[in-house]
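A.B. asks: Before anything else, here's the structure in question.
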Amino acid sequence: MKKPYVIVNCASSIDGKIALPGKKPLKISNEEDMARVHKLRNECDAVLVGIETVLADNPKLIVKEKYVGKVRQPLRIVLDTFFRTPEDAEVMKPYAKTLIVTATKEEKIGNVEIIKCGNGKVDIKKLMEILYERGIKKLMVEGGATVIWEFLKNNLVDEMNVFFSPIIIGGDAPSIADGEGAKKENEIINMRIEKIERIGNGYLIKLIPQQRQ
């Protein structure tokens, strides 16, 4: 299977939470890590999130000039099975091109392209092949938690970068990877720690998933 090189990137509390309870957004990265994230976006051909991230955070998913010398905006990709992306969402605005992946419709609206990939649910394996054919060789996945789990579960992740901030959120807040999760020991995803780096008041851990059979 030909697919882009997939990098999952997220910021987490030390107890593994990526937002407040109820998916309320919370800035977890420090300024040094934000600079790293924007440099990484600039190196990638596309950046991907799920519809829940769009609805909760309304991100622009662009590279900010303050962090990068020569900006090259990646394609913004939203996994949105039933096309719930609001018309006034930041990803619909012409800061960069946007690809919305659904299981229901296809359309072209200005800088936004909507494609159907899958029935009842977006088929992310098929999507990876489509993206590769379109010239997307390096893909950054920024979440949310269910999307990250789907990529890990389907053996699509090549590396995972997690910035851990020295805070504890607790409760039923979203974790790094949610979804249905592992039900049996042989479904657990093993990771190899490739690198640990101090960034400001936190730590960046680079992980390599160990592919399951």
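The values are calculated or read from the model by the stated rules, or taken from the named source; none is laboratory data. If you're wondering where the values come from, they're calculated on a predicted model, not measured in any experiment. Glycine gets a Cβ as well: all are built from the backbone with ideal geometry, and neighbour counts include every protein chain shown.
The rows are residues; the columns are (1) touching a strand residue (DSSP E or B) at 6+ places or on another chain (Cβ under 7 Å); (2) surrounded by 19 or more Cβ atoms within 10 Å (Cβ to Cβ); (3) not hydrophobic (A, V, I, L, M, F, W, C).
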{"position": "Lys70", "(1), (2), (3)": "no, no, yes"}
{"position": "Gln73", "(1), (2), (3)": "no, no, yes"}
{"position": "Ala89", "(1), (2), (3)": "no, yes, no"}
{"position": "Gly110", "(1), (2), (3)": "no, no, yes"}
{"position": "Glu113", "(1), (2), (3)": "yes, no, yes"}
{"position": "Gly118", "(1), (2), (3)": "no, no, yes"}
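A.B. asks: Considering Gly120, Gly135, Gly200, Gly110, which residue is of a type in the set (Gly, Ala, Ser), out of contact with any helix residue (DSSP H, G or I) (no Cβ under 7 Å at 6 or more places or on another chain) and modelled with pLDDT of 95 or more? If you could, list the steps in order and put the result at the bottom.
C.D. replies: Numbers: Gly120 fails: modelled with pLDDT of 95 or more; Gly200 fails: out of contact with any helix residue (DSSP H, G or I) (no Cβ under 7 Å at 6 or more places or on another chain); Gly110 fails: modelled with pLDDT of 95 or more.
Just a single option satisfies the conditions, and that option is Gly135.
A.B. asks: Kindly evaluate Asp80 against the criterion of being in contact with a Lys or Arg (Cβ under 6 Å, 6 or more places away or on another chain), touching a residue at least 24 places away in the same chain (Cβ under 8 Å) and either among the acidic types (Asp, Glu) or crowded, with 21+ Cβ neighbours inside 10 Å (or both).
C.D. replies: In short, no.
A.B. asks: State yes or no: is Met140 within 15 Å of Arg76 (Cβ to Cβ), surrounded by 13 or more Cβ atoms within 10 Å (Cβ to Cβ) and not basic (Lys, Arg)?
C.D. replies: Details: within 15 Å of Arg76 (Cβ to Cβ): yes; surrounded by 13 or more Cβ atoms within 10 Å (Cβ to Cβ): yes; not basic (Lys, Arg): yes.
For Met140, the condition - within 15 Å of Arg76 (Cβ to Cβ), surrounded by 13 or more Cβ atoms within 10 Å (Cβ to Cβ) and not basic (Lys, Arg) - is met.
A.B. asks: Another one. For a quick check of your reading of the model, give me the residue pairs whose first member lies in region 169-194 and is touching a residue at least 60 places away in the same chain (Cβ under 8 Å), whose second is of a type in the set (Asp, Glu), with beta-carbon atoms closer than 7 Å and at least 6 apart or on different chains.
C.D. replies: Ile169/Asp15; Gly170/Asp15
A.B. asks: Considering only residues of region 52-63 that are surrounded by fewer than 24 Cβ atoms within 10 Å (Cβ to Cβ) and under 12 Å from the mean Cα position of the chain (by Cα), which is farthest from Lys27 (Cα to Cα)?
C.D. replies: So, considering only residues that are surrounded by fewer than 24 Cβ atoms within 10 Å (Cβ to Cβ) and under 12 Å from the mean Cα position of the chain (by Cα), the one farthest from Lys27 (Cα to Cα) is Glu52.
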